[in-house]
Amino acid sequence: MSASSVANKRPAVISRAAGRRYRAAGPGSTPASIPARAAKGLLLLIACAVVVMPFIAVVSTSLADDRQVSQAGGLVLWPERPSFDAYRAIFAGGVVSRALLVSVGITVVGTLLSLACTTLLAYALSRPGSFGSKPLLMMVLFTLLFTPGMIPSYLMVKELHLLNSYWALIVPALINGFNVVVMRSFFLDLPQELLDAARIDGAGEWQMLRRVVMPLSKAVIAVVGLFYAVAYWNNYFSALLYISDATKWPVQLVLRTYVVDGSTIGVDSSQITGVIPPPQQSLQMAILVVSLLPIVVLYPFLQRHFAKGILIGAVKG
Amino acid sequence: MALPATAETADSAPSPPSPPAARRRRTWRTRLRHDWMLLALAAPGAAVVVLFHYVPLLGNVIAFKAYQPYLGITSAPWVGLDNFRVIVTWDPAFRNALLNTVIIALIQVIFVFPVPIALALVLNSLTSERIKRVVQSVLYLPHFMSWVIVVAIFQQMLGGSGLLHTWLRTKGIEGPDIIGNPDMFKELITAQVIWKDTGWGTILFLAALSRIDLSLYEAAAADGASRMRQLWHVTLPGLRSVIVLLLILKLGDVLTVGFEQILLQQNAVGVDASEVLDTYVYNNSVIAGNWGASAAVGLVKGVIGVGLVLTANKIAHMFGERGVYQ
């Protein structure tokens, strides 16, 4: 490395650091006053505590035993004698276990089908100037502004004889226009020369998607997959509307019935012999924790892709 | 969500000038032969969009029919505008739902909409990237919780046997009833919306903030602008187009106020305080069986929503903003 290149490098580094300082300081290079910074720190600390504290209380209560729950008269902030009885009880079979299976099934099948449809559609819309892509794109964009409304959607599902079928929770939600647009923008940002090269090598559209586009788009596929998975997992209204058979309920409806509406959870005590049944509140909080778990587990892995995936789709240019 | 506008800009940017022009000269038949594979790839997704977004629009005809579930749509007799009677005669139940909807919508635009902007400004002014990232990760999380979970958590924290009341009781104070109190319902759902989505709402604003030209700040500082002046003259103008865009999109579903959220809590506070247009439609159709009248209300609501977007976009253009579409 020659001396001149080092000399060239140094100012660039310094100016980048300065740039970061500018950006970090927000409006202006003038540093904020000490009280302003303290107020800011306190504000953010409180905001984070308001988000995190409920989760700690919920998890603690799900692990607490009868005595402590009745002592506290409700939620427990820290379990003194942690026990997994509540979890054992809800996993012992019965309503909650079945609902979990239903939700997992719908989420897995739905997410895979949604990702497939969305990727194919977004890819077709990302090829410039292809036949019919303009009206197709308009058609997708319009769904972002107009939704058909509850009754027409219900009638559609009814006419297709999907009422009381798990497919009613999947098929109408297969395509989300927002996700299509996010993916399409990502595909458009890939270096188009790669696609041209693949075409010259004789690749068809399917091979270009499979071999060139998809391997480069793992970030956006992960994010869009998370969005679909969260939507399927969190959905309670479609089930309320389309599934009247309580044995087919997904976990969100069980959660609503036993936690929000406060119905008593019948625990099959023969399953856990010789043990006092866990307190009702612990059972409720255990269901809540279990329904939260998949999201909390997936979140850290996908979180770093958020900005990349979303921003490309949303505010570009 | 700045989607439609970006799609247009994205469209023109990457396409090399020659191939599309060459393609346009060919007849549609050769183009179809050339691109059939792409159309085949798009087909499943497009079919779902048509089937569940466009065909159901036809279902709105039952607003003009005396629909009965066992009769089917086609054999139900036409009744003209009869179903719109509840709206025209200002039926008390409908009036209540409409008033609640408008009040909640106003609360959301005035008190909920600015919160993510303020939070984004605070986050943007943090010096440490690491702290910023941690705070963001924590505050994004509630967005991914279902409404059922959010409502359950609020009940557990603020309800009669919740954490807040238990703690107050140890201090010998009997706190106010927050959950299940019709008088505090609007405050409650506003707090829930803020808790759930403020963090997530900052994403777009942070992106817009990171795009502001830093030399503008330098120039302002050189001219002696204080931090407040810089915020007013550089930062806020930089955010303006994103704010306008999100406001327009918000207006489109302004009459769709927290349907799932409200339905979950309706039992606790009663219909008077909590009925909005969406719950009105649900309770009157699926639950009570007045399909035609509910569809009429739903249809009017949808038309007003579309009208609001078009008007807001027009107003945005008059002020020289780009809006959602050109």
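Just checking the output field for A:290-296: average partner chain Cβ neighbours within 10 Å of each residue's Cβ?
3
Can you give me the convex hull volume of the Cα atoms of the stretch B:116-174, divided per residue and expressed in Å³?
Looking at the stretch B:116-174, the number lands at 128 Å³ per residue.
Report the calculated FRET efficiency for residue B:240 and residue B:134 (r = Cβ-Cβ distance, R0 = 41 Å), to the nearest 0.05.
Values: r = 29 Å, r/R0 = 0.72.
Computed FRET efficiency for residue B:240 and residue B:134 comes out at 0.90.
Using helices alone, what [θ] at 222 nm do you get for the protein assembly as shown, with -39,500 (n - 2.57) per DSSP H run of 4 or more residues, divided over all residues and rounded to the nearest 500?
Computed mean residue ellipticity for the protein assembly as shown: -20500 deg cm²/dmol.
Within 10 Å of each Cβ of B:290-303, how many other protein chain Cβ atoms are there on average? Can you show the working numbers first?
On the way: counts 0, 3, 1, 0, 3, 5, 1, 2, 5, 3, 0, 1, 5, 1.
Mean shielding by partner chains, rounded to a whole number: 2.
Hey, could you pull the Cα Rg and Dmax for the stretch A:132-278, both in Å?
22.2, 73
Taking springs between alpha-carbon atoms closer than 10 angstrom, which of B:112, B:79, B:257 fluctuates most in the Gaussian network model of chain B?
Its mean-square fluctuation being the largest, the pick is B:79.
Kindly give Rg over Rh for the protein assembly as shown, based on alpha-carbon atoms, with the Kirkwood expression for the hydrodynamic radius.
Numbers: Rg = 26.9 Å, Rh = 27.4 Å.
Over the Cα atoms of the protein assembly as shown, Rg/Rh equals 0.98.
Ignoring ligands, DNA and RNA, how much accessible area is buried between chains A and B, both sides summed, with a 1.4 Å probe, to the nearest 100 Å²?
Accessible area lost upon association: around 9600 Å².
I'd like the mean, over residues of A:112-125, of how many other protein chain beta carbons sit within 10 Å of each residue's own Cβ.
Per residue, the average neighbour count from other chains is 4.
Binning at 20 angstrom from zero up to the longest distance, how are the C-alpha pair distances of chain B distributed in percent?
21, 48, 28, 3, 0
Can you give me the long-range amide H partners of residue B:65? Hydrogens built in the peptide plane at 1.01 Å from N, cutoff under 5 Å, separation of 5 or more residues or another chain.
When sequence neighbours closer than 5 places are left aside, the close amide H contacts are B:79.
What pairs from B:132/B:171; B:171/B:250; A:40/B:196; B:196/B:301 go past 31 Å between their alpha carbons? Mind showing how you got there, number by number?
Numbers: B:132/B:171 36 Å; B:171/B:250 43 Å; A:40/B:196 21 Å; B:196/B:301 25 Å.
The pairs that break the limit, which is 31 Å between Cα atoms, are B:132/B:171; B:171/B:250.
Could you work out which residue, out of B:35, B:278, B:91, moves most in a Gaussian network model of chain B, that is, has the largest mean-square fluctuation with Cα springs under 10 Å?
Comparing B:35, B:278, B:91 in a Gaussian network model of chain B, the most mobile one is B:35.
Work out the FRET efficiency for residue B:161 and residue A:53 from their Cβ-Cβ distance, taking R0 = 22 Å, and round it to the nearest 0.05.
Details: r = 17 Å, r/R0 = 0.77.
Approximately 0.85, to the nearest 0.05.
Sorted from largest to smallest, which semi-axis lengths in Å does the alpha carbon gyration tensor of the stretch B:179-263 give for its equivalent ellipsoid, taking the root of 5 times each eigenvalue?
36, 15, 10
Where the Cα atoms of the stretch B:78-117 are projected onto their three principal axes, how long is each span, largest first, in whole Å?
Extents along the principal axes: 49, 21, 10 Å.
What percent of all Cα-Cα pairs in the stretch A:127-181 falls into each 5 Å bin, going from 0 up to the bin containing the maximum distance?
The distribution over the stretch A:127-181 is 4, 16, 21, 20, 16, 13, 7, 3, 0, given as percents.
First measure r as the distance between the Cβ atoms of residue B:183 and residue A:194, then evaluate 1/(1 + (r/R0)^6) with R0 = 56 Å and state the FRET efficiency to the nearest 0.05. All intermediate terms of the calculation are to be shown ahead of the outcome.
Values: r = 62 Å, r/R0 = 1.10.
The formula returns an efficiency of 0.35 here.
In chain B, which whole DSSP H runs stretch at least 18 Å along their own axis (Cα) and average 0.0 or higher on the Kyte-Doolittle scale?
In chain B, the long hydrophobic H runs are B:28-49, B:92-107, B:185-210, B:236-252, B:291-318.
The values are calculated or read from the model by the stated rules, or taken from the named source; none is laboratory data. If you're wondering where the values come from, they're calculated on a predicted model, not measured in any experiment. Neighbour counts run over all protein chains shown; Cβ positions are idealised from the backbone, glycine included. Only protein heavy atoms, including side chains, enter the accessible area calculation; ligands, DNA and RNA are left aside. Shrake-Rupley method; radii C 1.70, N 1.55, O 1.52, S 1.80 Å.
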